[in-house]
Amino acid sequence: MSKVRHVLGISGGKDSAALAIYIKTKYPSLNLEFYSCDTGKELDETYQLVQNLEGYLGIKIKLLKGAENSSEDPFDHFLKMYGGYLPSSNSRWCTKKLKLDPFEKYVGMDNVISYVGIRGDEDREGYISTKKNIQSIFPFRKNIWSEDVIAKTLSNQNIEQIISYSKNIDFGKYQNKVVQIISQKIDASFTQIQKLNVLLDTDVKGFNQLVFDFLKTTDYPLSKEDSFPLLDNEDVLVRDDIFRILEESGVGVPAYYNKIDFAINGKIGQYSRSRSGCYFCFFQQKIEWIWLYEQHPNLYKKAMEYEKDGYTWGQNESLEELIHPERVKQVKEEYVKRMERNAAKSKSPYLIDILDDEEGIGCASCFI
Ligand code: SF4
């Protein structure tokens with residue numbers, strides 16, 4: 001029996017849902033556990049997605065809750081504890097209390113591989129647990145390893161050790177080239193990222209084997225595994241692939257991504273929500289708040305009720321101010337102008353590529 005647990009978190013967003021389908025289909029031998037952290041404040045579409053995935057995967061997704069013994073929703077429980085102080089991008093107590101803490105409690109002291117759905121067309125790491133017993137793997141990227149693993153593997157101090165491991169790996173016609181690359185020290189003229197990219201471009205599978213062999217000398221969870229099927233993974237999945245996986249599987253794209261037309265000054269714009277998470281999430285763009293106001297007025301009203309004692313979700317204006325007709329008109333006009341500018345630049349056939357230029361802001365726990 002494996003000494004390591006393999007876990008995959010479903011945030012309610014498209015990428016983690018597609019990752020669940022991808023991994024389950026491509027690596028059926030992995031004994032995966034699926035979990036989702038429930039803040040109590042998700043959109044109905046998120047709960048629907050979790051249900052669809054359960055049907056498709058034929059498994060139960062474990063719902064984790066912060067303050068699980070409280071009679072209140074997890075968010076409300078902690079908001080009270082924080083004296084009504086609403087979370088913000090500078091003070092994100094919600095992510096810690098509602099996502100990270102329940103996850104780390106669920107994992108306990110077990111050695112865990114956590115699969116994270118950051119795509120090959122994204123330039124971010126997302127949340128990486130600082131707990132030593134949790135190792136993140138990124139199957140959608142060419143580089144499946146986390147930054148800390150790469151930094152250790154490619155460290156100048158470990159060059160001799162890595163060269164000796166490389167001799168036991170079959171790099172075919174690139175055997176000498178790989179030794180040459182590894183021998184080259186990282187400095188200002190040859191950075192870690194450059195070294196990594198050259199090695200990945202030369203032989204992804206061989207490089208993955210090299211990292212795996214090196215990890216055997218460390219305390220990382222993967223050091224406890226005899227083999228790891230993702231060492232052979234050469235796939236790079238980008239946004240179009242995510243939509244394709246969700247559509248072809250029948251699980252479907254979360255409904256909040258569906259674009260809805262609105263008219264402004266004789267022009268037609270389209271809005272939607274660009275990510276999962278709590279309906280009142282402070283990472284929302286103004287136009288997403290307007291979408292919530294017009295498409296889910298009850299949720300907007302509830303979000304407004306949290307704004308009291310001087311606390312607001314946005315920095316410069318309250319939700320009450322945002323829905324003055326003149327302000328709504330201004331937000332829509334500015335948004336349509338931005339869409340037009342971006343559409344001129346974008347070659348993508350997907351509207352979401354034009355709209356989601358701020359998708360990368362936020363955290364892996366809530367939005368992937
Ligand atoms: S979705 Fe937004 S509000 Fe909800 S826990 Fe995540 S960061 Fe906080």
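Values in this text are rule-based calculations from the coordinates and carry no lab data. Small disclaimer: the values here were computed from a predicted structure and weren't measured. So basically every Cβ, Gly included, is an ideal-geometry build from the backbone, and we count neighbours across all protein chains shown.
Which ³J(HN,Hα) values in Hz, rounded to whole numbers, follow from the phi angles of segment 212-226 under the Karplus curve 6.51 cos²θ - 1.76 cosθ + 1.60, where θ = phi - 60° and Gly and Pro get x?
4, 5, 5, 4, 4, 8, 10, 9, 4, x, 5, 5, 8, 9, 6
Report the FRET efficiency, 1/(1 + (r/R0)^6), for N90 and E321, where r is their Cβ-Cβ distance and R0 is 22 Å, rounded to 0.05.
Using R0 = 22 Å, I get an efficiency of 0.60.
So what is the 222 nm mean residue ellipticity for the chain from helices alone, if each DSSP H run of at least 4 adds -39500 (n - 2.57) and you divide by all residues, rounding to the nearest 500 deg cm²/dmol? Don't jump to the answer; show the numbers that get you there.
Numbers: 16 runs with 153 residues, N = 368.
The per-residue figure over the chain is -12000 deg cm²/dmol.
Sort M339, M81 by Cβ crowding within 10 Å, fewest neighbours at the top. Don't skip to the end; give the middle numbers.
On the way: M339 19, M81 13.
The most exposed by this proxy come first: M81, M339.
How much length is gained if the chain between K259 and N298 is pulled fully straight, taking 0.36 nm per residue apart and subtracting their Cα-Cα distance, in nm to one decimal?
Taking 0.36 nm per residue and subtracting the Cα distance, the gain is 12.1 nm.
Which lysines have a Cα less than 19 Å from the Cα of K345, not counting those fewer than 8 places away in the same chain?
Excluding near neighbours in sequence, the set is K337.
Can you list the residues of segment 269-311 with backbone N under 19 Å from a point 7 Å past the Cα of E72, pointing along Cα to Cβ?
What the label zone holds, given the 19 Å backbone N cut-off, is 278-282, 301-311.
Would you list D73, D123, D232 from fewest to most Cβ contacts within 10 Å?
Result, fewest neighbours first: D123, D232, D73.
Provide the percentage of antiparallel DSSP beta bridges, counting only those with both residues in the chain; round to the nearest 5.
Antiparallel: roughly 35 percent of the beta bridges in the chain.
If you average the alpha carbon positions of segment 199-270 and of segment 14-82, how far apart do those two centres end up, in angstrom?
A separation of 18 Å, based on Cα centres.
Among the trypsin sites (Lys or Arg not before Pro) within segment 1-73, which fall in a DSSP loop and have no more than 14 other Cβ atoms within 10 Å of their own Cβ?
K3, K60
Under 8 Å for C-alpha pairs, at least 6 residues apart: give me the relative contact order for the chain, rounded to a whole percent.
This gives 22 percent for the chain.
Provide I10, I162, I59, I150 in ascending order of the number of other Cβ atoms located within 10 Å of each residue's Cβ, fewest first.
With the sparsest Cβ surroundings first, the list reads I59, I150, I162, I10.
How many nm is it between the label spots at K205 and E160, if each spot is 7 Å from the Cα in line with the beta carbon?
Going by the 7 Å Cα→Cβ label model, 3.2 nm.
Provide the per-residue ³J(HN,Hα) series for segment 265-275, in order, calculated from phi with Karplus coefficients 6.51, -1.76, 1.60 and θ = phi - 60°, each as a whole number of Hz, with x at glycine and proline positions.
The phi angles translate into 6, x, 10, 10, x, 9, 10, 6, 9, 9, 7 Hz.
Multiplying the sequence separation of N342 and V238 by 0.36 nm and subtracting their Cα-Cα distance, what value in nm do you get?
Working it through step by step, the gained length comes to 35.5 nm.
State the extension gain, in nm to one decimal, for the chain segment bounded by T217 and K60, taking 0.36 nm per residue of separation less the distance between their alpha-carbons.
53.0 nm
For the pairs K3/K60; K60/K224; K41/K96; K131/K224; K60/K132; K62/K105, note any where the Cα-Cα span goes beyond 18 Å.
K3/K60; K60/K224; K60/K132
If I take the Cα coordinates of the chain and project them onto the principal axes, what are the three extents in Å, biggest first?
Sorted largest first, the three principal extents are 69, 52, 41 Å.
Taking θ = phi - 60°, what integer Hz values does the Karplus form 6.51 cos²θ - 1.76 cosθ + 1.60 yield along segment 84-93, in sequence order, with x for Gly and Pro?
Each residue's phi maps through the Karplus curve to give x, 6, 5, x, 8, 5, 8, 9, 9, 5 Hz.
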